[in-house]
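Worksheet: the structure to be examined is printed underneath.
Computed from the coordinates by the stated procedures, all read-outs in this text should not be read as laboratory data. The structure presented is a predicted model; accordingly, all values stated were derived computationally and were not measured. Positions of Cβ are generated from backbone atoms using ideal geometry, with glycine treated the same way; all protein chains shown enter the neighbour counts.
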Amino acid sequence: MATMIIDAGHGPKTPGKRSPDGALLEFQFNCAVAELLKLYLQQEGIDVFFSHEYGRDVPLWERTAIANRLNADAFVSIHANAYGNNWNEAHGIETFTYPQVGKQTSRLAEQIHHSLVAACGRRDRGIKTANFAVLRETKMPAVLVECGFMTNREEANLLLSNTYRVQCARAISFGVLNWLYFT
Ligand SMILES: [Zn+2]
């Protein structure tokens with residue numbers, strides 16, 4: 001049986017990381033999608049663990065240690081994007097991997113990213129690389145998704161809506177399942 005780690009980025013006390021009007025806290029979006037994604041993957045018989053907690057900001061080293069200790073098959077970190085601190089036009093979906101990853105990780109990123117873009121109908125900003133700790137320190141294929149911009153009014157409203165959260169979670173689960181079983 002496959003084991004997945006779902007990581008809702010940041011935590012309840014992380015400073016910043018919210019929409020300019022304060023209506024949307026990034027962690028609220030991240031953990032709502034994480035809950036839905038957990039449900040969808042469990043329905044398919046996948047073992048799912050969270051690396052975040054509701055009561056505290058779990059440090060990055062602890063998140064990757066959990067994933068490595070459980071010897072998970074994959075690690076998916078869920079985020080909402082921001083460009084600066086004020087409302088602006090930056091928008092769309094982007095997915096990150098660590099630089100120079102293997103074929104498995106590239107395929108996981110492709111499956112999740114294309115599924116998200118297709119399901120959500122937002123601008124495709126592409127698959128990018130970054131030296132993020134959760135991507136660098138995890139021993140299994142790891143990707144980080146940015147599901148839209150909190151600093152874009154239209155996308156902030158989407159990120160607040162349950163419909164969009166369901167859409168994101170379904171799309172990520174679709175990508176994970178394709179990666180696990182069909183590619
Ligand atoms: Zn984030």
Residues with amide H under 5 Å from that of Ala8, placed H, sequence gap 5 or more: Ser51, His52, Ile78
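Given the Cα atoms of the chain, and with Rh set as the inverse mean 1/r over their pairs in the Kirkwood sense, what is Rg to Rh to two decimals?
Reported Rg/Rh, Kirkwood definition of Rh: 0.93.
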Length added when fully stretched, Asn85-Thr14, from 0.36 nm per residue minus Cα-Cα: 24.1 nm
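Sorted from fewest to most neighbouring beta carbons within 10 Å, what does the list Trp87, Trp179, Trp61 look like?
Result, fewest neighbours first: Trp61, Trp87, Trp179.
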Separation of the Glu44 and Gln100 label points, Cα + 7 Å toward Cβ, nm: 3.2 nm
Quotient of Cα Rg and 2.2 N^0.38 Å for the stretch 69-162, N being how many residues it contains: 1.12
Listed residues Ile172, Ala133, Ala74: farthest to the positive end of the dipole of the chain (Cβ charges): Ala133
Within the chain, helix-based [θ] at 222 nm, where runs of 4 or more DSSP H residues each add -39,500 (n - 2.57), nearest 500: -12500 deg cm²/dmol
For the stretch 121-128, Karplus couplings with θ = phi - 60° (6.51, -1.76, 1.60), whole Hz, Gly/Pro x: x, 9, 4, 8, 8, x, 9, 10
